[in-house]
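This is the structure I want to talk about, given as structure tokens.
The values are calculated or read from the model by the stated rules, or taken from the named source; none is laboratory data. These figures come from a predicted structure and were not determined experimentally. Note: ideal-geometry Cβ built from the backbone for every residue, glycine included; neighbour counts use all protein chains shown. Keep in mind that these areas ignore ligands, DNA and RNA; they rest on the heavy atoms of the full protein, side chains included. Shrake-Rupley method; radii C 1.70, N 1.55, O 1.52, S 1.80 Å.
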Amino acid sequence: QLQASGGGLVQAGGSLRLSCVASRSIVSINAMYWYRQPSGKQREWVTTIINTGITTYKDSVKGRFTISRDVAKNTVYLQMNNLKPEDTSVYYCSARQGATTYWGQGTEVTVSS
């Protein structure tokens, strides 16, 4: 089970940090992801962190978003800086272990201009 939190309303240029807490150890998790789904649009991938710590990002968030993890807390974070109105979405965390993908509930981020 994944529990995402940290969303909210922020002005453009502001920052938020999302958290995704897993109900068990993430040590054996192959990869964890953040996705987002703007209202009326399809869900899109934002960022990945694999078990070696390597990270990848969607081009539009590179340099602004940072994914990290705290294995001791079974938590993955998404630090979002310099937020833009186009970042407004419901953000979802996801985890892949082998052939199984787990999803958390979303947390809503609204960026006002």
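Would you check if T48 is under 18 Å from R24 (Cα atoms), at pLDDT 95 or above and either hydroxyl-bearing (S, T, Y) or open to solvent by 20 Å² or more (accessible area, probe 1.4 Å) (or both)? Outline the logic, then answer.
On the way: under 18 Å from R24 (Cα atoms): no; at pLDDT 95 or above: yes; either hydroxyl-bearing (S, T, Y) or open to solvent by 20 Å² or more (accessible area, probe 1.4 Å) (or both): yes.
For T48, the condition - under 18 Å from R24 (Cα atoms), at pLDDT 95 or above and either hydroxyl-bearing (S, T, Y) or open to solvent by 20 Å² or more (accessible area, probe 1.4 Å) (or both) - is not met.
So is T110 at pLDDT 95 or above, under 14 Å from the mean Cα position of the chain (by Cα) and either open to solvent by 70 Å² or more (accessible area, probe 1.4 Å) or more than 18 Å from Q3 (Cβ to Cβ) (or both) or not? Spell out how you get there, then give the answer.
Working: at pLDDT 95 or above: yes; under 14 Å from the mean Cα position of the chain (by Cα): no; either open to solvent by 70 Å² or more (accessible area, probe 1.4 Å) or more than 18 Å from Q3 (Cβ to Cβ) (or both): yes.
It is false that T110 is at pLDDT 95 or above, under 14 Å from the mean Cα position of the chain (by Cα) and either open to solvent by 70 Å² or more (accessible area, probe 1.4 Å) or more than 18 Å from Q3 (Cβ to Cβ) (or both).
Hey, does region 84-101 have a residue that's part of a loop (DSSP other than H, G, I, E, B), open to solvent by less than 80 Å² (accessible area, probe 1.4 Å), among the basic types (K, R) and in contact with a helix residue (DSSP H, G or I) (Cβ under 9 Å, 6 or more places away or on another chain)? Quick ask: steps written out before the conclusion?
Quick first cut of region 84-101, residues part of a loop (DSSP other than H, G, I, E, B) only: 84, 88, 98-99.
After this cut, where a residue has to be open to solvent by less than 80 Å² (accessible area, probe 1.4 Å) as well, the list is 84, 88, 98.
Cutting the leftovers down to among the basic types (K, R) gives us 84.
From what is left, the residues that are in contact with a helix residue (DSSP H, G or I) (Cβ under 9 Å, 6 or more places away or on another chain) are 84.
Yes; the residues of region 84-101 include at least one that is part of a loop (DSSP other than H, G, I, E, B), open to solvent by less than 80 Å² (accessible area, probe 1.4 Å), among the basic types (K, R) and in contact with a helix residue (DSSP H, G or I) (Cβ under 9 Å, 6 or more places away or on another chain).
Failed condition for T56, given (1) open to solvent by less than 10 Å² (accessible area, probe 1.4 Å); (2) more than 19 Å from V109 (Cα to Cα); (3) modelled with pLDDT of 95 or more, with all others met?
So the condition that T56 fails would be (1).
For every residue, the table says whether it meets (1) over 24 Å from V111 (Cα atoms); (2) open to solvent by 70 Å² or more (accessible area, probe 1.4 Å); (3) modelled with pLDDT under 95.
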residue: I29; (1), (2), (3): yes, no, yes
residue: R36; (1), (2), (3): no, no, no
residue: R43; (1), (2), (3): no, yes, no
residue: S68; (1), (2), (3): no, no, no
